[in-house]
Ligand code: SF4
């Protein structure tokens, strides 16, 4: 399913401020749709390739720009690179007015495979990319990557001093339960993932 309008992003969810997905208080965008189908995926409801919540890129950009308490943005999924040209547009608008915001992106692709033009343009605006599919058996309960096969790429030096947070630190996840809906913000330890 492809949304033809270049200004419309299909998302699974948003969070206006959390400390569970990277250094400092962060705005989080979870995009809708992923084709990797990893066993034990932290975001199973975000996998379906379907129209979910549609947001105008410029409207979303303005709400992030106005949010003065955040230090960065985390983009996760779903799979961000399935909507990469729209995310590139979003970050370009934001960076013009808030260049200090740092950007973390999670993807199931390997960095080496992100070799098409739109992906490369987007990566120019990303500070840290965490790549690779999630392999449940390799979840070692460490850092911000879900499993030890995933790599943390510092594409700029902006967050390099936080290397340990990404690779080794204890995890910090928020679990929100409402009716039949469970929402996890952050990378949970394996014992919590198994409860999803
Ligand atoms: S790449 Fe991420 S969102 Fe996609 S199925 Fe794997 S864990 Fe889930």
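The values are calculated or read from the model by the stated rules, or taken from the named source; none is laboratory data. The structure displayed is predicted, hence computed values, not measured ones. Here Cβ is always computed from backbone atoms with ideal geometry, including for glycine, and neighbour counts include all displayed protein chains.
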Practice prompt. State yes or no: is residue 121 outside any helix (DSSP H, G or I) and over 16 Å from the mean Cα position of the chain (by Cα)?
Written response: no
Condition set within 21 Å of residue 130 (Cα to Cα) and out of contact with any strand residue (DSSP E or B) (no Cβ under 6 Å at 6 or more places or on another chain), scope the range 43-61, selection surrounded by the most Cβ atoms within 10 Å (Cβ to Cβ): answer is 43
If you go through 33, 22, the only one that is within 11 Å of the ligand (Cβ to nearest atom), touching a residue at least 40 places away in the same chain (Cβ under 8 Å), under 16 Å from the mean Cα position of the chain (by Cα) and crowded, with 20+ Cβ neighbours inside 10 Å is 33
Pairs returned, first residue in the range 65-78 that is without any contact (Cβ under 8 Å) to a residue 40 or more places away in the chain, second residue that is away from the ligand (no atom under 16 Å from the Cβ), beta-carbon separation under 7 angstrom, 6 or more apart or interchain, are 65/94; 65/97; 65/98
| task | For residue 108, indicate whether it is closer than 22 Å to residue 154 by Cα, in contact with a helix residue (DSSP H, G or I) (Cβ under 7 Å, 6 or more places away or on another chain) and crowded, with 18+ Cβ neighbours inside 10 Å. | result | no
Considering the range 62-91, residues that are near the ligand (Cβ under 10 Å from one of its atoms) and in a loop (DSSP other than H, G, I, E, B), and then whichever is surrounded by the most Cβ atoms within 10 Å (Cβ to Cβ), we arrive at 78
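Mind telling me which of the residues 130, 135, 94, 185 ends up being more than 13 Å from the ligand (Cβ to nearest atom), touching a residue at least 24 places away in the same chain (Cβ under 8 Å) and closer than 25 Å to residue 35 by Cβ?
Going through 130, 135, 94, 185 in turn, just one is more than 13 Å from the ligand (Cβ to nearest atom), touching a residue at least 24 places away in the same chain (Cβ under 8 Å) and closer than 25 Å to residue 35 by Cβ: 185.
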So is residue 17 more than 13 Å from the chain's Cα centre (by Cα), exposed (fewer than 15 other Cβ atoms within 10 Å of the Cβ) and either at pLDDT below 95 or under 28 Å from residue 169 (Cα atoms) (or both) or not?
yes
Of (1) modelled with pLDDT under 95; (2) out of contact with any strand residue (DSSP E or B) (no Cβ under 6 Å at 6 or more places or on another chain), residue 77 satisfies every one except (2)
Selection over the range 97-126 where residues are closer than 18 Å to residue 26 by Cα and more than 16 Å from the ligand (Cβ to nearest atom) yields a count of 9
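A quick yes/no check of all residues on (1) part of a helix (DSSP H, G or I); (2) at pLDDT 95 or above:
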residue: 95; (1), (2): yes, yes
residue: 108; (1), (2): no, yes
residue: 133; (1), (2): no, yes
residue: 141; (1), (2): no, no
Per the list (1) under 24 Å from residue 190 (Cβ atoms); (2) more than 12 Å from the ligand (Cβ to nearest atom); (3) over 14 Å from the mean Cα position of the chain (by Cα), residue check on residue 59 breaks on (1)
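Residues to consider are 102, 149; find the one that is out of contact with any strand residue (DSSP E or B) (no Cβ under 9 Å at 6 or more places or on another chain) and modelled with pLDDT of 95 or more.
149
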Expected single match for touching a residue at least 40 places away in the same chain (Cβ under 8 Å), over 21 Å from residue 36 (Cβ atoms) and within 16 Å of the chain's Cα centre (by Cα) among 159, 144 is 159
